[in-house]
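Q: Sharing a structure below in structure tokens format, with a few things to ask.
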Amino acid sequence: MKTVDQYNFSGKRALVRVDFNVPLNERFEITDDTRIRAAVPTIKKILSDGGSAILMSHLGRPKDGPTDKYSLKHIVSHLTTAFGTEVKFATDCIGADATELAQSLAPGQILLLENLRFYKEEEKGDVAFAEKLSKLGNVYVNDAFGTAHRAHASTAIIAQFFPTDKMTGYVMQAEIENAKKVLDNVDRPYTAIMGGSKISDKILIIERLLDKVDNLIIGGGMSHTFSKAQGGSIGNSLLEADKQDLALELIQKAKDKGVKLYLPIDNVIADKFSPDANTDVVTTGQIPDGWEGLDVGPKTIELFVDVVKNSKTILWNGPLGVFEFEKFAGGSKAIAEAIVEATQNGAFSLIGGGDSAAAVNQFGFGEQVSYVSTGGGALLEYMEGKTLPGVAALEG
Ligand code: AMP
């Protein structure tokens with residue numbers, strides 16, 4: 001797979017698929033611009049070679065064509081600041097306006113196209129739509145790892161119109177390289193920490209990890225299904241009733257494969273799902289009726305932290321509790337701190353797949369772990385061993 005480092009963009013119009021699907025508040029201000037900042041090095045490389053960049057992205061999930069709320073016009077001034085140069089805007093991603101603006105771009109200039117998902121052809125992977133987009137540039141760069149698991153027009157289908165001039169941007173390249181570091185030739189002990197709400201979302205990755213890790217730590221909402229399956233009382237805690245057999249199977253599989261499986265031994269419980277709930281700490285499996293487990297307890301933290309600190313490779317996916325509420329952020333915070341310490345002692349740590357990345361950034365540890373993935377679902381699918389259409393399209 002070619003990367004931007006292997007290409008000279010001088011005189012080229014680079015069509016770059018970025019992931020600018022950023023969160024906006026009700027005043028259309030960007031509340032987290034991580035994805036924009038991440039794209040800066042790729043764009044700078046193109047411009048400093050003497051090329052120009054045409055940026056294409058989606059924003060949100062518009063259902064019925066153009067919708068003001070999902071217009072990428074809201075982020076133009078932020079982009080101008082982030083790139084340190086004026087960013088032009090095309091009010092459509094295909095058509096006369098986009099074509100004219102793209103063709104009049106001078107080296108060093110940037111053009112942002114309107115939201116790709118204003119056309120349903122984008123998500124359908126429509127070939128004719130992809131071809132129209134492709135005409136805007138003469139080289140294709142994909143830097144949107146977060147959508148690489150989708151065979152959309154701009155993320156995969158378009159690549160066929162650039163048989164040789166297609167490549168990864170720095171974000172995509174780093175995401176793949178770092179994901180590989182927890183899949184092959186890892187330093188041991190290797191510990192995976194899986195949390196979040198549902199086992200059903202994580203089952204494939206957990207099964208794959210059982211072939212790779214030495215320790216598997218399970219926390220978060222999904223741990224209650226394990227507890228219930230083993231005969232515990234879980235009160236109103238999150239339960240996937242139909243996944244109890246699966247939980248028992250995973251426990252057995254871990255045993256068979258010699259993987260040490262760590263489940264919570266105590267929980268912080270709440271009398272309602274609320275930041276100001278009354279709380280208590282109980283042994284796992286003994287959650288009273290009317291209460292729900294919203295975080296791991298102090299004994300569990302001690303157990304988990306010890307395992308993490310002694311690891312040489314660490315993958316963390318999914319918070320150990322409802323970290324969005326201060327009272328239930330303790331488990332996730334303690335794990336994040338342990339990961340930072342292990343990293344300082346030479347471990348490789350990858351945080352990724354949605355909310356654990358948000359948790360690490362919320363605690364201010366984003367810079368102190370080896371890599372925070374922006375990939376979400378794409379990272380999970382990559383870890384599960386699936387072929388990502390956006391990656392496959394750049395190969396060959
Ligand atoms: P996921 O997207 O599957 O990684 O799940 C992340 C979400 O799981 C976060 O919003 C957490 O608040 C939530 N979560 C973590 N632990 C619990 C728990 N014990 N009970 C309910 N929700 C939880």
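The values are calculated or read from the model by the stated rules, or taken from the named source; none is laboratory data. What you are looking at is a predicted structure, and each value in this text was computed from that prediction instead of being measured. In this analysis, Cβ positions are derived from the backbone assuming ideal geometry, glycine residues included, and neighbour counts consider all displayed protein chains. Heavy atoms of the whole protein, side chains included, go into the accessibility calculation; ligands, DNA and RNA do not. Shrake-Rupley method; radii C 1.70, N 1.55, O 1.52, S 1.80 Å.
Q: Just need a number here: residues in the stretch 256-271 that are in contact with a strand residue (DSSP E or B) (Cβ under 8 Å, 6 or more places away or on another chain) and open to solvent by 90 Å² or more (accessible area, probe 1.4 Å).
A: Residues flagged as in contact with a strand residue (DSSP E or B) (Cβ under 8 Å, 6 or more places away or on another chain) and open to solvent by 90 Å² or more (accessible area, probe 1.4 Å) within the stretch 256-271 amount to 1.
Q: Test A151 against the criterion of being part of a loop (DSSP other than H, G, I, E, B) and either open to solvent by 10 Å² or more (accessible area, probe 1.4 Å) or not assigned by TED's automatic domain parsing to the domain that holds G95 (or both), and give yes or no.
A: Here the answer is yes, as A151 does meet what is asked.
Q: Within the stretch 77-108, how many residues are in a helix (DSSP H, G or I) and under 28 Å from V127 (Cα atoms)?
A: First pass over the stretch 77-108, keeping only residues in a helix (DSSP H, G or I): 77-83, 96-103.
Subset that is under 28 Å from V127 (Cα atoms): 96-103.
Residues meeting the conditions: 8.
Q: Would you tally the residues in the stretch 228-241 being closer than 28 Å to S311 by Cβ, open to solvent by 60 Å² or more (accessible area, probe 1.4 Å) and more than 13 Å from the ligand (Cβ to nearest atom)?
A: 1
Q: Then there is this: Right, F129: open to solvent by less than 10 Å² (accessible area, probe 1.4 Å) and over 25 Å from the mean Cα position of the chain (by Cα) or not?
A: yes
Q: Please verify whether P288 is free of Cβ contacts under 8 Å to residues at least 60 places away in the same chain, open to solvent by 40 Å² or more (accessible area, probe 1.4 Å) and within 12 Å of the ligand (Cβ to nearest atom), treating the condition exactly as stated. Before the answer, list the steps.
A: Details: free of Cβ contacts under 8 Å to residues at least 60 places away in the same chain: yes; open to solvent by 40 Å² or more (accessible area, probe 1.4 Å): yes; within 12 Å of the ligand (Cβ to nearest atom): no.
Answer is no for this residue.
Q: Considering the stretch 272-285 alone, what residues qualify as being in a loop (DSSP other than H, G, I, E, B) and either surrounded by 14 or more Cβ atoms within 10 Å (Cβ to Cβ) or not assigned by TED's automatic domain parsing to the domain that holds V213 (or both)? First the steps, then the outcome.
A: First, the residues of the stretch 272-285 that are in a loop (DSSP other than H, G, I, E, B): 272-278, 284-285.
Of everything in the stretch 272-285, those that are in a loop (DSSP other than H, G, I, E, B) and either surrounded by 14 or more Cβ atoms within 10 Å (Cβ to Cβ) or not assigned by TED's automatic domain parsing to the domain that holds V213 (or both) turn out to be A277, T284, G285.
Q: Also: Only residues that are within 16 Å of the ligand (Cβ to nearest atom) and surrounded by fewer than 19 Cβ atoms within 10 Å (Cβ to Cβ): list them for the stretch 154-198, please.
A: Scanning the stretch 154-198 gives S197, K198.
Q: Another question, then. Please enumerate the residues belonging to the stretch 301-329 that are more than 12 Å from the ligand (Cβ to nearest atom) and touching a helix residue (DSSP H, G or I) at 6+ places or on another chain (Cβ under 7 Å).
A: I301, F304, V305, V308, K309, S311, I314
Q: Being under 17 Å from the mean Cα position of the chain (by Cα) and either closer than 17 Å to L263 by Cβ or in a strand (DSSP E or B) (or both) is the filter here, so list the residues in the stretch 169-198 that pass it.
A: The answer is A192, I193, M194, G195, G196, S197, K198.
Q: If we scan the stretch 347-361, do we find a residue that is surrounded by fewer than 23 Cβ atoms within 10 Å (Cβ to Cβ) and over 22 Å from L379 (Cβ atoms)?
A: no
Q: Could I ask something else about it? Pick out the one residue from E367, E381 that is at pLDDT 90 or above, surrounded by fewer than 17 Cβ atoms within 10 Å (Cβ to Cβ) and not in a loop (DSSP other than H, G, I, E, B).
A: Selected residue: E367, the only one of E367, E381 that is at pLDDT 90 or above, surrounded by fewer than 17 Cβ atoms within 10 Å (Cβ to Cβ) and not in a loop (DSSP other than H, G, I, E, B).
Q: When you go through D289, D280, D306, D355 one by one, which is the residue that is at pLDDT below 95, under 26 Å from A229 (Cβ atoms) and not aromatic (F, W, Y)?
A: Working: D289 fails: at pLDDT below 95; D280 fails: at pLDDT below 95; D306 fails: at pLDDT below 95.
Residue meeting the stated conditions: D355.
Q: Still on this structure, please answer the following. Would you check if E395 is open to solvent by 40 Å² or more (accessible area, probe 1.4 Å), out of contact with any strand residue (DSSP E or B) (no Cβ under 9 Å at 6 or more places or on another chain) and in contact (Cβ under 8 Å) with a residue 24 or more places away in the chain?
A: So E395 fits the description; yes.
Q: Which residue, of K69, K124, K135, is in contact with a His (Cβ under 9 Å, 6 or more places away or on another chain), basic (K, R) and open to solvent by 10 Å² or more (accessible area, probe 1.4 Å)?
A: Testing whether each residue is in contact with a His (Cβ under 9 Å, 6 or more places away or on another chain), basic (K, R) and open to solvent by 10 Å² or more (accessible area, probe 1.4 Å) leaves just K124.
Q: Moving on to the next point. Out of G50, G60, G11, I need the residue that is in contact with a Ser or Thr (Cβ under 6 Å, 6 or more places away or on another chain) and part of a loop (DSSP other than H, G, I, E, B). Which one?
A: One residue alone meets the criteria, G50.
Q: Under the condition of being away from the ligand (no atom under 13 Å from the Cβ) and in a helix (DSSP H, G or I), which residue from the stretch 199-227 is least open to solvent (accessible area, probe 1.4 Å)?
A: Within the stretch 199-227, the match that is least open to solvent (accessible area, probe 1.4 Å) is L209.
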